[in-house]
Amino acid sequence: MFNFDKKTDVIHESFNEHYDYKPTQGEEIMKLNEYQDISQRTMPIIGDVTDEGEVGSVRANYALGAAGEAGEVAELVKKEVFHGHYTTVDEMKKELGDVLHYLSGLATLYGLRLEDVAKRNIDKLQKRYPGGFSEEASRERVE
């Protein structure tokens, strides 16, 4: 598995204390590609679509859907940070799930698999921040 530093454990401990979150015993973990396959059942059928404009329209729908749902996540955080609201784990899980659905659909429409996207992103981040993230490393990073 990936080698994460102690900061990750501290973040998880802080989160768990603040939100009193405890994973369900025996909770089954779903793989990203499995999620992607299952979530396709709600995608518009594009198998017969050959017109690039139509394919582009479906892609735009999923891209805008991802942006809209990400905006709902941002709204929850904004209200929590600036308006004194309390965001439950369940509320955040629901909204992040909506973002994941649209990202999954967009990946599918480009012929990508979520696990490949996730792995490539981790590889990029490990190359960019081999010692973990720091403000100094961020300022001095080379693309």
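List of remarks:
- Modelled label positions at A63 and D116, each set 7 Å beyond Cα in the direction of Cβ, lie 2.0 nm from each other.
- Contour excess over end-to-end distance, with Cα ends at F82 and T42 and 0.36 nm allotted per residue: 10.9 nm
- All other residues whose Cβ lies under 12 angstrom from that of A74 are scored, Lys and Arg at +1 and Asp and Glu at -1, for a net of -3.
- Summary value for the range 38-143: 26 percent relative contact order, contacts being C-alpha pairs under 8 angstrom separated by 6+ residues.
- Residue exposure proxy: F133, F82, ordered by other Cβ atoms within 10 angstrom of their Cβ from fewest to most, comes out as F82, F133.
- Working note: Karplus 6.51/-1.76/1.60 with θ = phi - 60° gives the range 52-57 the couplings 4, x, 5, 4, x, 5 Hz, where Gly and Pro are set to x.
- Greater than 26 Å apart at Cα, pairs in K31/K124; K31/K94; K31/K127; K78/K119: K78/K119
- Footprinting exposure proxy ranking of S104, S138, S39, fewest other C-beta atoms within 10 angstrom first, gives S138, S39, S104.
- Remark: M30, M92 ranked as M30, M92, counting other beta-carbon atoms within 10 Å and listing the fewest first.
Rule-based calculations on the coordinates, nothing more; no lab input. Worth saying up front: this structure is predicted, and the values here are computed from it rather than measured. Note that each Cβ is placed from the backbone with ideal geometry, even for glycine, and that neighbours are counted across all protein chains shown.
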